[in-house]
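Before any comments, here is the structure.
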Amino acid sequence: MPSVRVVSLVPSLTEAVAVSAPGALVGATDWCTHPADLDVARIGGTKNPDVPAIVALAPDLVIANEEENRAPDIAALRAAGVAVLVTEVRELERAFYELERVLAACGGERRPGWLVDAEAAWRDVEPLAGVTRESGRPRAVVPIWRRPWMVLGRDTFAGDLLARLGVDNAYAHHAERYPRVSLDELRAAELDLVVLPDEPYRFTPDDGPEAFPRTPAALVGGRHLTWYGPSLAEAPAVLGEALRAARR
């Protein structure tokens, strides 16, 4: 059993550590849903962790992410004498690097089998047949919230994955990473596809596609589109099938 006591504030990293360094995790957020049988102390959400509860667990390391977690919480943990490893992931290659760094720090195998498989799966991926148009790559929008509508903008991990699958984000060059956009603007855009993940907003067949009656909608799992962990190994195939199904 690893001697390092770890608290994770990032759901995807929780899964990665749980399967690659068994026994290291002593705490995780309420949003850490994988593995399903994870039995550790719950310390609140990613945006509102219970700092005193984390400190009470006496962790050797807390793993966090610069986007998912708030700087004041990270600062509070460090002020309490807790070591915090902060990851930054905005594209796939960086995700692989950060995963190796996290697993090594947690006392696990630096390059477990699932990580090797994930690298191979994404290295060999091709733009998907049945998705790319004759005139070029399909242009998509990726809502992540409604009321108000928010979409993926520039410099995002999910946008990088879609680009590798042959899908261009219509807002990839927007000044903001997660811009608020009116539904009228989205409907007026020349789109070939709407990609609707089930997190952070839970889009479903009955909640989301009806807003874009003239545009094919691909419903995808957020774990495959936005998580960097064991799900990366199957993500190209799973996301690809969802994209193909929407274009049929």
Do any GluC sites (Glu not before Pro) in region 181-214 lie in a loop, going by DSSP, with at most 16 other beta-carbon atoms within 10 Å of their beta carbon, and if so which? E190
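More than 17 Å apart: what percent of Cα pairs in region 44-103 qualify?
Details: 685 of 1770 pairs.
Every Cα pair in region 44-103 considered, those over 17 Å come to 39 percent.
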Answer rounded, prolate or oblate for region 82-185, using the Cα gyration tensor with square roots of eigenvalues a ≥ b ≥ c: rounded when a/c is under 1.5, else prolate when a/b is larger than b/c, else oblate. oblate
Nearest 10, in degrees from 0 to 90: the angle of helix 92-105 to the longest Cα principal axis of the chain is 10
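Please say if region 166-236 is rounded, prolate or oblate, where rounded means a/c under 1.5 for a ≥ b ≥ c the square roots of the C-alpha gyration tensor eigenvalues, and otherwise the choice is prolate for a/b larger than b/c and oblate otherwise? Could the numbers behind the result be given before it?
Values: a/c = 1.84, a/b = 1.40, b/c = 1.31.
Because a/c hits 1.5 or more and a/b exceeds b/c, region 166-236 counts as prolate.
List the trypsin sites (Lys or Arg not before Pro) within region 1-97 that fall in a DSSP loop (any state other than H, G, I, E or B) and whose Cβ has at most 13 other Cβ atoms within 10 Å.
Working: sites: R5, R42, K47, R70, R78, R90, R94; in loops: R5, K47, R70, R90.
The qualifying sites are K47.
Is the C-alpha gyration tensor of region 128-247 telling us rounded, prolate or oblate? Criteria: a/c under 1.5 is rounded; beyond that, a/b larger than b/c is prolate, otherwise oblate. Provide the component values of the computation, followed by the final result.
On the way: a/c = 1.31, a/b = 1.16, b/c = 1.13.
Rounded, because the longest to shortest axis ratio a/c is under 1.5.
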With a cap of 12 neighbouring Cβ atoms within 10 Å, and only residues DSSP puts in a loop, list the trypsin sites (Lys or Arg not before Pro) found in region 135-242. R202, R214
Taking only the alpha-carbon positions of the chain as identical scatterers, the Debye log10 I(q)/I(0) at q = 0.09, 0.17 Å⁻¹ comes out as -0.41, -1.24
Dipole size in debye (nearest 20) for region 6-111 around its Cα centre, Lys and Arg Cβ +1, Asp and Glu Cβ -1? 200
With angles folded into 0 to 90 degrees, how steeply does helix 235-247 sit against the dominant principal axis of the chain? Use alpha carbons for both and round to 10. 20
Between R154 and R110, what length in nm is gained on full extension when 0.36 nm per residue of separation is reduced by their alpha carbon distance? 12.8 nm
Antiparallel bridges, percent of DSSP beta bridges restricted to the chain (to nearest 5): 25
Taking only the alpha carbons of region 6-111, what extent do you get along each of the three principal axes, in Å, biggest first? 33, 28, 22
If you take every DSSP beta bridge fully contained in region 6-111, what fraction is antiparallel? Give it as a percent rounded to 5. 10
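Laboratory data are not the source of any read-out in this text; all were calculated from the coordinates shown. None of these values were measured; they are calculated from a predicted model. Please note: Cβ atoms are built from the backbone with ideal geometry, for glycine as well, and neighbour counts cover all protein chains shown.
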